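Chemist: What follows is a structure written as structure tokens; I'll ask about it next.
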Amino acid sequence: MTEAAAPTERVRPDQALPITPARAAVLQEACAVAAAIHSALDLGVVARVTEAPAEPAAVAADCGLTQQGAQALFSALAGLDLLELGDDDRFRPASSNLAELAELFRPWASLQPVLRGESRPADAATTAGAESLYPRLVAQLGALFRQSAVHAAGLLVQPRLQVLDVGAGAAPWSLALAGRDPSCRITAVELPGVIASTRAAVRRAGLDDQYEFVEGNAFDVDWGEPASYDLALVANLCHLFDGEANLRLVRRVAEALRPGGRVAIVDILPTERGDGPRPAVLYALGLVLRTGSGRIYPYSTFRHWLGEGGFEDTRRHNLPGPYPFTLITGRRR
Ligand SMILES: C[S@@+](CC[C@H](N)C(=O)[O-])C[C@H]1O[C@@H](n2cnc3c(N)ncnc32)[C@H](O)[C@@H]1O
């Protein structure tokens, strides 16, 4: 490299402030939490205690840990409220869904190879990838999203809505609407390999009477007459696809809606510069594990798609709940 081509801007450590002790402690704890959970999963500890309550010594023998290691790992998991210690000195899961929830975290272990472009467990932007990833996952997502979905339903509900739920998964968003208004009718669209999970979630909620199911790909399936729906839900779907695909999807959804009908997109949004907020950009890092073409998009991008796709009066609402969801609505011209 010639002298002229050398980088002119260098990071000067003396120009930046040091990380405060408080932030260093938070980051240290985050690394420890991640390492504890991944160790418990990979070493079979979660599976072992889900099978039967156990003392650390027994798990050490079964899972190939040292006594010291098992004791420290169990104490850490108890400190995280993932395990609890019974009066019989045995540890057991502190919640009924520990094993299922822990599976949600497993893909993080593949982050490095995925960042290097070496392998991705499944690409959810493809039908095959989505059908391998989502059948078991969506029930978990449905439970995690319930609080936000109930709030969104309060904003969207109107009497006798005909609703299209695109990429419904366990249908948390439309179930909240259906639960709120018995006159609401839902058409849930899902891929053939996932629709059984959608049907199961609706059955569990006891709301089958309000649902129809359409099995197929949201980009080309026949989901009914044009201009026949009042509301289209597109929840946590756009982040799987690239911009071109999302614009196609928005245009298809617009065709399905009657003039004056609304689209309701739910997603996690970054700032316009893509440098925060923290839960959104960490979520986006996890997305790299699941899609080769998708990402999270800022509000201006959704506005652009909706404008191009035939919508006006675009609005946004932040939804309460454990995930920082934004509800974006637009009205069909
Ligand atoms: C992240 S999940 C979100 C599910 C649900 N909307 C929610 O918010 O809980 C994405 C869902 O979209 C479905 N999906 C992905 N690609 C699809 C496509 N091309 N057509 C229909 N559904 C699709 C997946 O099977 C999965 O259930």
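Chemist: For region 259-275, give me each residue that is surrounded by 15 or more Cβ atoms within 10 Å (Cβ to Cβ) and either in a helix (DSSP H, G or I) or away from the ligand (no atom under 15 Å from the Cβ) (or both). Walk me through how you get there before you give the answer.
Modeler: So in region 259-275, the residues surrounded by 15 or more Cβ atoms within 10 Å (Cβ to Cβ) come out as 261-270.
261, 262, 270 - these are the residues of region 259-275 that are surrounded by 15 or more Cβ atoms within 10 Å (Cβ to Cβ) and either in a helix (DSSP H, G or I) or away from the ligand (no atom under 15 Å from the Cβ) (or both).
Chemist: Out of 146, 185, I need the residue that is within 19 Å of the chain's Cα centre (by Cα) and at pLDDT 95 or above. Which one? Can you show your working first?
Modeler: Working: 185 fails: within 19 Å of the chain's Cα centre (by Cα).
Testing whether each residue is within 19 Å of the chain's Cα centre (by Cα) and at pLDDT 95 or above leaves just 146.
Chemist: Let me ask you something else. In region 217-232, which residue that is of a type outside the set (Gly, Ala, Ser) and away from the ligand (no atom under 11 Å from the Cβ) is nearest to residue 302 (Cα to Cα)?
Modeler: We begin by selecting, within region 217-232, every residue of a type outside the set (Gly, Ala, Ser); these are 217, 219-223, 225-226, 229-231.
Subsequent filtering for residues that are away from the ligand (no atom under 11 Å from the Cβ) retains 222, 225-226, 229-231.
Numbers: 222: 24, 225: 25, 226: 22, 229: 21, 230: 20, 231: 17 Å.
Checked region 217-232; the qualifying residue nearest to residue 302 (Cα to Cα) is 231.
Chemist: Which of (1) more than 28 Å from residue 244 (Cβ to Cβ); (2) more than 8 Å from the ligand (Cβ to nearest atom); (3) of a type outside the set (Val, Ile, Thr); (4) touching a residue at least 12 places away in the same chain (Cβ under 8 Å) does residue 203 not meet, given it meets every other one?
Modeler: (4)
Chemist: Scanning region 169-184 for residues that are in contact with a Leu (Cβ under 8 Å, 6 or more places away or on another chain) and within 25 Å of residue 248 (Cα to Cα), which turns out farthest from the ligand (Cβ to nearest atom)?
Modeler: 174
Chemist: Another one. Select from region 91-130 the residues that are surrounded by 17 or more Cβ atoms within 10 Å (Cβ to Cβ) and over 23 Å from the mean Cα position of the chain (by Cα) and list them in ascending order.
Modeler: The answer is 91, 93.
Chemist: Any residue in region 251-269 that is of a type in the set (Ser, Thr, Tyr) sitting within a Cβ distance under 8 Å of a residue that is buried (at least 23 other Cβ atoms within 10 Å of the Cβ)? List the pairs, counting only those 6 or more apart or interchain.
Modeler: none
Chemist: State whether the residues of region 233-242 include one that is within 25 Å of residue 141 (Cβ to Cβ), within 9 Å of the ligand (Cβ to nearest atom) and in a helix (DSSP H, G or I).
Modeler: First pass over region 233-242, keeping only residues within 25 Å of residue 141 (Cβ to Cβ): 233-242.
Next, from what is left, pick out any that are within 9 Å of the ligand (Cβ to nearest atom): 233-237, 239-241.
Now restrict to residues that are in a helix (DSSP H, G or I): 239-240.
There is at least one residue in region 233-242 that is within 25 Å of residue 141 (Cβ to Cβ), within 9 Å of the ligand (Cβ to nearest atom) and in a helix (DSSP H, G or I).
Chemist: I'd like the full set of residues that are out of contact with any strand residue (DSSP E or B) (no Cβ under 7 Å at 6 or more places or on another chain) and crowded, with 22+ Cβ neighbours inside 10 Å, limited to region 224-248.
Modeler: Result: 240, 246.
Chemist: Let me ask something else. Give 250, 266 a once-over and let me know the one that is at pLDDT 95 or above and more than 12 Å from the chain's Cα centre (by Cα).
Modeler: After applying the criteria, what remains is 250.
Chemist: Something else: Could you please find all residues in region 185-200 being more than 12 Å from the ligand (Cβ to nearest atom) and assigned to a helix (DSSP H, G or I)?
Modeler: Hits for region 185-200 are 199, 200.
Chemist: So which of 153, 143, 72 is assigned to a helix (DSSP H, G or I) and away from the ligand (no atom under 15 Å from the Cβ)?
Modeler: On the way: 153 fails: away from the ligand (no atom under 15 Å from the Cβ); 143 fails: away from the ligand (no atom under 15 Å from the Cβ).
Among 153, 143, 72, only 72 is assigned to a helix (DSSP H, G or I) and away from the ligand (no atom under 15 Å from the Cβ).
Chemist: Moving to a separate point now. Hey, any hits in region 314-332 for a residue that's part of a strand (DSSP E or B), touching a Phe, Trp or Tyr at 6+ places or on another chain (Cβ under 9 Å), charged (D, E, K, R) and closer than 20 Å to residue 171 by Cα?
Modeler: The answer is no, given that none of the residues of region 314-332 is part of a strand (DSSP E or B), touching a Phe, Trp or Tyr at 6+ places or on another chain (Cβ under 9 Å), charged (D, E, K, R) and closer than 20 Å to residue 171 by Cα.
Chemist: Separate question: Scan region 175-188 and report the pairs whose first residue is farther than 13 Å from residue 153 by Cβ and whose second residue is surrounded by fewer than 21 Cβ atoms within 10 Å (Cβ to Cβ) and of a type in the set (D, E, K, R), with Cβ atoms within less than 6 Å and a gap of 6+ or a chain change.
Modeler: Qualifying pairs under 6 Å: 183/160; 187/212.
The values are calculated or read from the model by the stated rules, or taken from the named source; none is laboratory data. Just so you know, these numbers come straight off a predicted model, no measurement behind them. Cβ coordinates were reconstructed from backbone atoms using ideal geometry, including for glycine residues, and neighbour counts include every protein chain displayed.
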